[in-house]
Amino acid sequence: MSEADQRALAEAIVALEKQSFAAKIADYAGQPISRIFKVMPKAANEKIQDAVNLAMLQCLKVAVKLLDGEPAREPRILMPKLMSGLAGGLSGFVGFAALPVELPITTTNILRSIAEIARAEGEDMSTREAQLACLEVFALGQHSTQFGSETGYYATRALLAKATGDMVASLLQRGVAEESASLFMRFLTEIAARFSLVVSERAAASAVPVIGALGGASINWVFTDYFQQLARGHFAIRRLERRYGTGPVQAWYREVVQRLAQKRKG
């Protein structure tokens with residue numbers, strides 16, 4: 001592996017393994033996530049799950065369509081944060097009831113940013129595989145806070161693969177046919193279930209007084225930045241896998257993670 005690719009691998013590992021969104025929000029709010037969840041409305045989780053399910057697929061279609069015809073360029077990082085912050089700030093005037101309206105807007109904005117990052121790393125966004133890889137980023141947001149744990153990046157990808165079997169290959173061969181549609185929905189269900197947990201953490205943090213004083217804009221900024229970092233790591237790893245093969249990259253990944261984990265313990 002070249003020196004540049006070794007650096008890319010190390011940066012991707014830090015982005016993908018360093019901290020869960022719950023831990024990041026707990027640091028931001030200045031209190032444990034368990035206390036944050038105490039202020040959540042009782043019916044919140046059900047509403048969040050419904051909002052995520054409705055938003056997921058349509059948001060991906062819109063995000064990818066927005067990229068059509070645009071020239072390849074460096075992905076914009078600041079603008080998506082500003083747009084998400086604006087949406088969060090406006091919804092802050094309404095409160096939790098605005099989530100079903102605000103979430104699709106923010107999700108589309110984040111997915112567009114993820115798609116730009118994917119394209120910059122060599123992904124062909126016209127393919128179903130690349131589009132599904134964008135959705136995978138949302139599943140990566142829900143994992144252990146322990147660096148290098150067994151619930152880290154590759155473990156999450158393995159769980160998704162196990163849940164969906166050979167769905168990607170089936171979709172690529174058959175297109176969006178009836179026999180593959182059910183597999184696609186299984187994949188979306190798995191992604192939505194994981195993403196909804198992160199959305200719950202975001203919604204809970206927005207209800208905390210210190211966060212509420214700062215407004216939904218600030219929490220949405222953190223939310224968008226978090227998934228941008230995951231996307232940069234995820235698509236850097238996929239680029240390296242295309243160049244060197246999945247097996248070697250996974251072996252190098254685990255070796256670096258173990259080395260960094262030992263360094264942190266020491």
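The values are calculated or read from the model by the stated rules, or taken from the named source; none is laboratory data. Nothing here was measured: the structure is a model prediction, and the numbers come from that model. Neighbour counts are summed over all protein chains in view; Cβ atoms, including those assigned to glycine, are modelled from backbone coordinates with ideal geometry. SASA here: full protein model, heavy atoms, side chains in, ligands and nucleic acids out. Shrake-Rupley method; radii C 1.70, N 1.55, O 1.52, S 1.80 Å.
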Next item on the list: Filter segment 83-104 down to the residues that are loosely packed, with under 15 Cβ neighbours inside 10 Å and aliphatic (A, V, I, L, M), then identify the one that is modelled with the lowest pLDDT.
Entry: VAL94
Item checked: Candidate set from segment 143-158 (those that are open to solvent by 10 Å² or more (accessible area, probe 1.4 Å) and at pLDDT 80 or above); member that is farthest from PHE21 (Cα to Cα) -> ALA158
Margin query: Please verify whether ALA177 is small (Gly, Ala, Ser) and modelled with pLDDT of 85 or more, treating the condition exactly as stated.
Written below: no
Notebook entry, point to check: If you check every pair at least six apart or on different chains, which have Cβ atoms under 8 Å apart with a residue in segment 244-266 that is charged (D, E, K, R) and open to solvent by 50 Å² or more (accessible area, probe 1.4 Å) first and a residue that is modelled with pLDDT under 90 and not in a helix (DSSP H, G or I) second?
Noted result: ARG264/PHE147
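If you scan segment 114-142, which residues turn out to be open to solvent by 10 Å² or more (accessible area, probe 1.4 Å) and either assigned to a helix (DSSP H, G or I) or within 14 Å of LYS65 (Cα to Cα) (or both)?
Within segment 114-142, ARG119, ALA120, ASP124, MET125, SER126, THR127, ARG128, GLU129, GLN131, GLU136 qualify.
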Item checked: Among the candidates ILE237, ILE211, ILE191, residue that is of a type in the set (Val, Ile, Thr), open to solvent by less than 30 Å² (accessible area, probe 1.4 Å), in a helix (DSSP H, G or I) and modelled with pLDDT under 80 -> ILE211
Check: Looking at segment 59-69, is at least one residue open to solvent by 20 Å² or more (accessible area, probe 1.4 Å) and modelled with pLDDT under 65?
Finding: yes
Check: Mind checking which pairs have a first residue in segment 216-236 that is within 12 Å of ILE77 (Cβ to Cβ) and in contact (Cβ under 8 Å) with a residue 24 or more places away in the chain and a second that is assigned to a helix (DSSP H, G or I) and among the charged types (D, E, K, R), Cβ under 8 Å, 6 or more apart or different chains?
Finding: TRP221/LYS81; THR224/LYS81; ASP225/LYS81; GLN228/LYS81; ARG232/GLU11
